[in-house]
Structure formats: C-alpha cells, structure tokens
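These notes concern the structure reproduced below.
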Amino acid sequence: MASRTGSQIIAIEEHYLDADVAEKTQGRAGGRGETRDRLADLGEWRLREMDEAGIDIQVLSHCPPGAQAFDPDELDRARAVNDRLAQTVKAKPDRFAAFASLPLRNPAAAADELQRCVGELGFKGAMVHGLTDGKFIDDRSFWPVFERAQSLDVPIYVHPGRPHPAVIEAYYKDYVEKFPSILSAGWGFTVETATAGVRLMLSGVFDKCPDVKIILGHMGEGLPFLLWRLDMAFGGMHPDAATVPIREHFCKHFWITTSGNFSNPALLCSVMEMGVDRILFSVDWPYVMNRPGSEWMEGVPLSAEDREKILNGNAKRLLKM
Ligand code: ZN
C-alpha cells in the first residue's frame with residue numbers, strides 16, 4: 001500500500017528476534033509482552049502494521065544483542081541466525097531486505113560472516129549492537145570487520161546496546177528502578193552510541209579504511225546537534241593535543257536515520273549539518289510504532305524531492321536496492 005505521501009517507503013532499522021538467540025540469552029533479548037511477540041513475528045502481524053503505515057520495505061535487523069550473544073566458537077549458531085533471516089527475505093523479497101548479525105566475539109569470523117551474508121545471501125550490510133565483551137566497536141580487534149565492509153562496499157549500522165555495568169553503577173542506578181528507560185531509549189542508549197561514534201572518529205579507523213560507511217540511528221544519536229562543538233574541541237582547542245577533523249569524518253563516513261526520533265527541529269539541524277543525502281527513514285519497529293513515523297514524514301518542512309530522498313532514494317543508493 002502506498003503511503004499518503006505517494007512515495008515508496010523503505011525503513012531500515014526494523015528489528016526481529018530469532019528463536020535461538022532468545023534461547024541463548026535466556027529470554028533477556030528483545031523486551032517483554034507485545035513488543036516481544038511483534039519481534040518474533042515475521043509474517044502477517046508485521047506486514048499488516050507496515051501496510052497500515054504505508055511502509056513498503058523493512059530492512060530487517062536482529063534486536064540487541066543478536067549473534068553477539070554467541071560464544072566465540074559458536075559460529076554455526078551465528079551463521080544459522082543469518083540463514084534463517086535469508087529465508088524470510090527470500091519468501092517476501094518485495095517486502096524485506098536484511099542486515100547481517102555478526103558473531104563479534106570472534107572478529108575474524110565476524111568479518112567472514114559479513115562477506116558470506118553479503119556475497120551469498122544478498123544482505124545489505126550489518127548491524128552491530130553496543131559493547132562486545134565490554135569493548136566499544138572502535139577497538140582495534142574489530143577493525144577487520146570495517147576493512148571487510150569497505151571492500152564489500154556495504155555499511156555497518158552501529159546500534160545501541162545496554163551501558164557497561166560500571167557505568168550503570170556510577171551514573172544511572174539511582175533512577176533505574178523507577179525509570180528503566182534511563183538505560184535505554186530515554187538516555188543510556190544515546191550516550192553509549194554517541195560515544196561509539198566519537199570514538200570511531202578518534203580511533204584512526206577512517207585512516208585505515210578511508211571509504212568505510214557507518215550508519216547511526218535516532219537522528220545521529222545527538223551528534224549532528226553537537227558537531228560544531230566537537231569539531232572545535234578536537235580541532236586544536238588544546239594546543240598540545242592531537243587534532244582530528246571531526247566534521248570531515250562525520251560528513252564523509254556517517255549516514256543517520258530517523259529511527260525513534262520524529263522531530264522536525266532535530267531533522268532540520270541534521271540537514272543543515274550533513275545534508276539531506278545522508279539521512280534515511282526508519283522507525284525502530286516494534287519499539288516504536290510505524291504510523292507515527294510515516295505520518296510525521298508527510299508533514300516534514302522539506303521539499304517533496306528531499307522527502308523522497310529520505311523515504312527511499314538515499315536507502316536505494318547506500319544499500320544498492
Ligand atoms: Zn533499534
């Protein structure tokens with residue numbers, strides 16, 4: 001069903017839950033109640049809610065932690081997660097595409113699995129979640145994944161995960177019981193993922209991989225709003241410190257999505273800082289419902305041409321759809 005904008009809509013941060021990951025995480029992955037039921041549904045319920053919002057295609061990704069839950073030697077289990085996802089896409093290729101879930105606790109195998117998923121299964125890239133064994137994604141041990149992504153010319157979607165236990169203890173624990181969102185969409189996820197983005201820019205991985213492509217959700221996790229200040233602070237504010245061209249890195253290597261952040265001021269700030277060609281529509285279903293996302297897009301204060309880029313054109317180019 002076409003949306004009221006008349007545009008094709010491709011949504012690219014749309015989650016599901018694999019039964020074996022659910023078992024491995026002893027029910028901790030995915031949330032509870034209806035959210036969990038929606039995650040597990042790759043059929044009628046999901047398609048009905050896509051249709052009601054005019055969403056034509058979901059690029060499916062596993063919810064945190066995906067294959068990062070598996071032990072370094074459980075590679076068959078990780079591969080099976082992606083094989084099952086490929087079957088889902090194959091059954092409805094006009095409605096679904098996929099990001100790979102990577103066994104990041106074994107980085108060399110994760111790079112190989114990315115290659116297999118892109119080359120053999122037709123996946124569009126990969127999504128990684130939060131910390132892996134307490135390490136951020138910029139850690140050198142994970143650079144083989146970025147090198148492989150660059151050589152395959154596919155993006156890595158850096159998605160939130162739960163904050164480190166020591167951070168929860170020091171920063172959040174006073175409010176967790178009454179306001180559990182402080183660890184997730186309310187605040188913790190944003191801090192975690194913005195930190196991953198900044199660390200990637202400081203790490204040197206973009207010198208090693210000058211064409212690697214990173215996607216951040218949630219309107220760039222606040223980074224577009226902070227770009228001027230980051231660029232100033234890391235650009236020579238302290239005379240003895242190393243400098244990093246933050247604006248150059250961000251506007252060359254990063255794409256952002258609208259997942260769970262349907263704000264006109266945030267969107268316009270992002271357009272002003274990085275241009276409309278790097279902003280892609282997504283919802284973050286089922287943690288966020290589809291209709292508020294597509295209905296918001298109907299009224300965004302942009303030209304019809306720019307709205308079309310966000311709804312489908314930028315995704316088609318970046319993901320080669
Ligand atoms: Zn998400």
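The numbers here are math on the coordinates, done by the rules we state, and not lab data. Since this is a predicted model, take the numbers as computed values, not measurements. Glycine also receives a Cβ, built like all others from the backbone with ideal geometry; neighbour counts cover every protein chain displayed.
Computed from label points 7 Å out along Cα-Cβ, the spacing between Arg28 and Gln115 is 3.2 nm. Taking 18 Å as the straight-line reach from the Cα of Lys24, the aspartates and glutamates in range (excluding those fewer than 8 positions away in the same chain) are Asp37, Asp71, Asp73, Glu74, Asp76, Asp83, Asp133. Estimate the FRET efficiency between Glu298 and Ser181 by the formula 1/(1 + (r/R0)^6), using the beta-carbon distance for r and 30 Å for R0, to the nearest 0.05. After rounding, the FRET efficiency stands at 0.65.
Going by C-beta contacts inside 10 Å, put Cys209, Cys251, Cys117 in order with the fewest on the left.
The fewest-first ordering by Cβ neighbours comes to Cys251, Cys209, Cys117.
Ordered by the count of other Cβ atoms within 10 Å of each Cβ, fewest first, Trp45, Trp143 give Trp45, Trp143.
Once the Cβ-Cβ distance of Ser151 and Ala91 is raised to the sixth power relative to R0 = 35 Å, the FRET efficiency obtained is 0.75. Which of Glu192, Glu14, Glu23 ends up with the largest GNM mean-square fluctuation for the chain, with Cα atoms connected below 10 Å? Highest fluctuation of the listed residues: Glu23. Between Ala241 and Ala80, residue separation times 0.36 nm minus the direct Cα-Cα distance comes to 53.3 nm. Taking every alpha-carbon pair under 8 Å whose residues sit at least 6 apart, the chain reaches a relative contact order of 18 percent.
A simple charge model with +1 on the Cβ of Lys and Arg, -1 on the Cβ of Asp and Glu and nothing else charged puts the dipole of the chain at about 160 debye relative to its Cα centre. From helices alone, the chain scores -12000 deg cm²/dmol at 222 nm; the rule is -39500 (n - 2.57) for each run of n ≥ 4 DSSP H residues, then divide by the residue total.
Using the Cβ-Cβ distance between Leu47 and Ala108 with R0 set to 35 Å, the FRET efficiency works out to roughly 0.40.
The length gained by stretching the chain between Arg229 and Ala170 to full extension, at 0.36 nm per residue less their Cα-Cα distance, is 18.7 nm. Each part gets one Cα centre, and for segment 213-242 versus segment 89-160 those centres are 24 Å apart. Annotation for Arg317 and Thr35: the two label points, set 7 Å from Cα along the Cα-Cβ direction, are 3.4 nm apart. Kirkwood hydrodynamic radius computed over segment 1-123 comes to 14.9 Å, based on all pairs of distinct alpha carbons.
For segment 307-314, the Karplus equation 6.51 cos²θ - 1.76 cosθ + 1.60, evaluated at θ = phi - 60°, returns couplings of 4, 4, 4, 5, 6, 8, x, 5 Hz by residue, with Gly and Pro reported as x. The smallest convex shape that holds all Cα atoms of the chain, its convex hull, gives 131 Å³ per residue.
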